[in-house]
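Below is one structure, written out as structure tokens, with a few remarks after it.
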Amino acid sequence: MSQSDCKYGSDPHTEQSWMLHSSPMHQKYGKTPVRTFLDFRDTNEPENPDVKWPPLLSLNNIRSVSKVRLLSFLLGLTLTFLVMASYILPWEKTGLLFTPTPFQLRPVFVPTSTSAEDSSENTLIDMKLLVKIISFKLEYSPRKVPDEKDVIETEALLFSVIPRHFLPSIKSPCWYEEFPGDLGADPYRRNLFTLRSKGFKTVCEQLKINFHRHLYHRDGEVFRLRCLPYFYIIGQPKCGTTDLFQRLRLHPEVRFNTIKEPHWWTRKRFGYIHSKDGVLESFPVQDYLDLFDLAAVNIQAGINGNPSGDRSALRLITGEASASTMWDNQAWSNLHGGGEDAKSPFLAQDFIHAIQPGAKIIVMLRDPVERLYSDYLYFTVGNKSAEDFHLKVVESVQLFHSCLSERTIRYCAYDTSLSNAMPVRLNLGMYVVFLLDWLTVFHREQMLVLRLEDYAANIKVTFRKVFDFLSVDPLSEQVEAAVTKRPMSNTRRAADRNLGPMLPATRDLLREFHQPFNHKLASVLDNKAFLWSNT
């Protein structure tokens, strides 16, 4: 998984939010002395020395006041002191909590100790109430799918490049595109992906050598074969998508691009690379199609070399595996704004479906509690600890609760400002929210949803499911052994393993938070394994 999975998007509060997490308040939670000052002496000397100011409460003044007024005065003074003390004492323990988000936070006690016992007692989040709210708000009507005409008009250039129908004799979604350029020129010289990936640049340098040999000539015109992915691995981050990608490449019928996560549908077509860079030059669809030229060249070579013989090249397929495709629509939100219920009126799947209504979608999920901790360890730079993770989880849950008190589940799951404010990516574990949106455009049989726990326990069985889903031939025993015995990819770093597991209190908090989402997911998929009740 690449660093590009990090959350991005410009938000005026992001820098302030980072400062909050790095402040001494969050690091120490020590007691701050507060001086309560009540002084009846005359401390305001007049500018005119000739004017004599009597003491505020001299003995003669007090004697002149009736006993009733004196008692009333003392009683009022006592009540004032008690009210002030009621505010000062909580501040002394917790400090002032300023959170730069559009949501007003309810009071939360941030613990001075992050041991398992103390944390569970001191975290004053009414989880039972929050779980009830989530369960209630998860029962909503499906999103209104935009008209295909509106989708096409929104990205007219995209739909002018990619045709509505593909070559029927080829398994992958391919078509012939007229090649108007010089046959001796480098067709990849302007591709922006070559500037971001040395591996893809190397592939392009090899492809351009014999590029002219793989062109198709007809009626005096020259065409090149273009292909889109036959399947998409769409998520989620830290759920094993990298390992699945690397093993699938070993199947002789699969031709992957060299870039595992192009993030084109969610980011690069809008010009987003990293949040710190802001909006850069957008990657045109032609650059994205170049990623699959390796498959196209192999298919065209099979057509040219076997006009009436072996048809195996026609069964070659390609795919891509961007773990942001399932959930990330922030770039659209930042550039175009959004609707009331969700930040984006169009989601990535609307465009993919409009172009490829028959696409196959693979989703890899894992226990959202473990996913979040793995995500934290992978993307956090410096000062990582189980205690720090716990504090970030508490803050993120509280922020989500504040959003949910005013908005819908879908709004809070997609909202860019909330995502930027949360110190951990809590929303990425709300799998069912994103899955339901994908199911509004793709049929259930077009989507294969896997669990990382099953994948890790028996890779051979899982891959047979994947191969059957993709309609590719089973592997030979030799290739299957190579696929299953390959070391796991993108595993946890040694330094992160040394930090140990998350705190039991953190695990309990997250498990309770995700419980309604998991129940809904298990119901939608009709599979109790997605409850993750035994992990």
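The values are calculated or read from the model by the stated rules, or taken from the named source; none is laboratory data. Please read all numbers here as calculations on a predicted model, not as lab measurements. Heads up, the Cβs are rebuilt from the backbone with ideal geometry, glycines too, and the neighbour counts pull from every protein chain shown. Heavy atoms of the whole protein, side chains included, go into the accessibility calculation; ligands, DNA and RNA do not. Shrake-Rupley method; radii C 1.70, N 1.55, O 1.52, S 1.80 Å.
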message: Net charge around Pro516, counting only other residues with Cβ within less than 11 Å of its Cβ (Lys, Arg = +1; Asp, Glu = -1)?
response: +1
message: Using 27 Å as the Cα-Cα cut-off, could you pick out the over-long pairs in Lys137/Lys384; Lys260/Lys465; Lys128/Lys384; Lys201/Lys465; Lys260/Lys460; Lys360/Lys520?
response: Lys137/Lys384; Lys128/Lys384; Lys201/Lys465
task: Report the dimensions of the stretch 481-533 along its three principal axes from the alpha-carbon atoms, largest first, rounded to Å.
output: 36, 33, 13
- request: Using a 1.4 angstrom probe on heavy atoms only, work out the carbon and sulfur share of the accessible area of the stretch 461-535 in %.
  value: 49 percent
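Quick one: pull the percent of accessible area on the stretch 169-270 belonging to carbon and sulfur, 1.4 Å probe, ligands and nucleic acids left out.
Values: 2030 of 4260 Å².
It is 48 percent, rounded to a whole number.
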query: What is the pair-distance distribution P(r) of the stretch 416-522, computed from all Cα-Cα distances in 10 Å bins starting at 0, with each bin given as a whole percent?
result: 10, 27, 34, 24, 5, 0
statement: By the C-alpha gyration tensor axes a ≥ b ≥ c (rounded if a/c is under 1.5, else prolate when a/b exceeds b/c, else oblate), the shape of the stretch 354-407 is oblate
task: Can you check what the Kirkwood hydrodynamic radius comes to for the stretch 160-284, Cα pairs only, in Å to one decimal?
output: 16.9 Å
query: Translational D (Stokes-Einstein, µm²/s) of the stretch 396-446 at 25 °C and 0.890 mPa s when Rh comes from the Kirkwood sum over C-alpha pairs?
result: 209 µm²/s
- request: Could you grab the relative contact order for the stretch 329-464? Cα pairs under 8 Å, six or more apart, rounded to a whole percent.
  value: 36 percent
message: For the stretch 216-263, compute the orientation-averaged projected area of the C-alpha convex hull (one quarter of its surface), in nm².
response: 4.7 nm²
- request: Enter the Cα centre distance for the pair the stretch 454-469 and the stretch 140-207, rounded to the nearest angstrom.
  value: 30 Å
- request: Report ³J(HN,Hα) in whole Hz for each residue of the stretch 236-243, in order, from the Karplus equation J = 6.51 cos²θ - 1.76 cosθ + 1.60 where θ = phi - 60°; Gly and Pro get x.
  value: 9, x, 6, 10, x, 5, 5, 5
query: Ignoring any ligand, DNA or RNA, what whole percent of the accessible area of the stretch 353-426 comes from carbon and sulfur when the probe is 1.4 angstrom?
result: 47 percent
statement: With Glu205 itself left out, Lys, Arg at +1 and Asp, Glu at -1 over residues whose Cβ is under 12 Å from its Cβ give +3
statement: Low-density loop trypsin sites (Lys or Arg not before Pro), the stretch 209-263, at most 16 other Cβ within 10 Å, DSSP non-H/G/I/E/B, are Arg249
- prompt: Counting Lys +1, Arg +1, Asp -1, Glu -1, what net charge surrounds Val297 among other residues with beta carbon under 14 Å of its beta carbon?
  reply: +1
